[in-house]
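The structure appears right after this line, and notes come after that.
Every number here is computed from the coordinates shown, using simple stated rules; none is lab data. What you are looking at is a predicted structure, and each value in this text was computed from that prediction instead of being measured. When we count neighbours, we look across all protein chains shown, and the Cβ atoms used for this are built from the backbone with ideal geometry, even at glycine.
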Amino acid sequence: MSAERERREILIATIADLLDGISHVAVGASSPIPAAGAMLLRARNERTGKPPVRISILGSQAHNFFTNGGIELFDCAAQGRVDAFFLGGGQSDGQGNINLVGTGDYPTGSVRWPGSFGSAYLYHLIPRVILFREEHSPRVFVPQVDFVSARAITPEVPRRGGPYALLTNMALFDFDREAGSFALRSVHPPFTPADIRENTGFAYQEPEVVRETKRPDAATLALLRGRIFDELAETYPAFARTMMQAA
Amino acid sequence: MTSALLAATKKTSAWRQVPAGTVRAIGGESPMGGAVVFQTGFVERLVERLARQTGSQPICDSMVVGRHSHPSVAPWHMSLTMRLPRPVLAAILVSLASPCFAESSNAIPVNSPPAQQNSLVDMLALMSGHCKTLKVAGRPYACKTVAFAHDDKGRVNFAVAVDDPSDENHVVSFSGENGKRADDNSYELSIDRMLLNSKNRPKVDGLPVPAAQTSIGTCRQTGNFAARKVNDVTCSATDNEGRTYELLFVSDGKPVSVRRIRQSSHSIQDPFK
């Protein structure tokens, strides 16, 4: 469990780093790790005197200023008042497209997922969309998605939103919007660049020297294991309890 | 896997394309565009403009050297007028990147004197890529360009031309001495001052002279100028007023443009020793 806790803590701290500089981040449902990352950023900014961060965690009473759920989130995004958001997908490809519908030929595919919902809309509007998917495998990261729920790049349509990074259990990628492709930024311990190559179904850029993803320092861990998991327990009690028990 | 760096198995270029599928090692230049900060001919225009200002001839590409202190090509026309005064460098970077000087700006208040002007840049490296993070006094900015400048006293500046619509002369430099290389691909510089330039600074020869703000911080560069490959530069510093400065620059894979402007003495801290 210790390794699992450490893995999650690296992801949370990495998300906080990726969000650095934003004013408002929204987190969708069933996303405890992104929510914890947003809370960590908020707490860190408070401690260091940086500008405050507003976080909107769907499903939370305490950490959400919306009173009408997703409708307000969509309005807020269209007004340019949401700086960052998280999207995942049953499949993602090397062009940053995501598939939330299912595998195979639509509509006769054998696997069906929840659906695109507002992913395409938010992908166009929110400048810093972080693609977050814990499972890092060739079945998730495919050369081309079977169904495009949300396109990352639309040269024919001007947009301010789009993917910023891809974070998985194994690695962190940057997304280059001009090139329309991912570049490996760092690899989480204990994985190696070879592990990433083996488990990624799409093409990407790899630097000659690949960094190891930074581990959270002692102060960050103290903040996480104290205030952050306490705050998180309101929305994600089971996750917070598991993390605190492991600490 | 305790090492901070995970060396890739094949070292043929700064970036390589990993194709879809399993382990396959293919060399090649990155097609990544990113926010390209240097236009074609940027360096040439920079030195030409400098030469015009100093009355000298342009510095020629034949002066470019690699890792060694002794140029592989004879440094002809190595006149005094071709030296780059360090404080002028940052202003030049911006003035060439954006020739417009008309708008007003809100400069960061500084309580330090202008940076000393008695040192000369002897080596300049221009890196192509984009700033994932740039914060000046805690405020996020985009950047236009990032340069590494080494002067004849051993001081190194990571100069960042800030993409600030309100100030075309906005340049911040992370400045320090005693840079060290942990290995061929890792360079670390302790920051002891920030050089802050804006269009409101006093001018010398028509170019604003930056203020030096005592600071504490670190810059880390991954890559190797000798191989003309830099992957990224991360800097973090806090000045004596409590303002924070952060930089995460990521290369787009294009080779670094290294210019040795004048021959300098050997220095063990010099990453090009």
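Points to keep in mind about this one:
- Average partner coverage of A:174-185, which counts Cβ from other chains inside 10 Å: 5
- As a proxy for reagent exposure, ranking A:Tyr236, A:Tyr106 by other Cβ atoms within 10 Å from fewest up yields A:Tyr106, A:Tyr236.
- Stretching the chain fully between A:Gln144 and A:Glu156 yields a gain of 2.3 nm (0.36 nm per residue, less the alpha carbon separation).
- Relative frequency of Cα-Cα separations exceeding 19 Å in region A:1-91, percent: 41
- Counting neighbouring Cβ atoms within 10 Å and putting the fewest first, the residues A:Arg139, A:Arg44 line up as A:Arg139, A:Arg44.
- Peptide A:189-196 has a mean of 4 when you count, residue by residue, the C-beta atoms of other protein chains within 10 Å of its C-beta.
- Among A:Ala152, A:Ala29, A:Ala38, residue whose mean-square fluctuation peaks in a GNM of chain A (springs only between Cα atoms under 10 Å): A:Ala29
- For region B:169-243, with +1 on Lys and Arg beta carbons and -1 on Asp and Glu, the positive-most of B:Gly206, B:Gly217, B:Tyr187 along the dipole: B:Gly206
- Annotation: Cα Rg of chain A relative to the compact-globule expectation 2.2 N^0.38 Å equals 0.98.
- Modelled FRET efficiency - R0 51 Å, A:Gln245 with A:Ser23, Cβ distances, 0.05 increments: 0.90
- Pairs over the 30 Å Cα-Cα cut-off, from the set A:Lys50/B:Lys132; A:Lys214/B:Lys203; B:Lys203/B:Lys254; A:Lys50/B:Lys153: A:Lys214/B:Lys203; B:Lys203/B:Lys254; A:Lys50/B:Lys153.
- Distance cut-off 20 Å, percentage of C-alpha pairs in region A:164-226 lying past it: 33
- Residues A:Met170, A:Met244 arranged by fewest to most Cβ contacts within 10 Å: A:Met244, A:Met170
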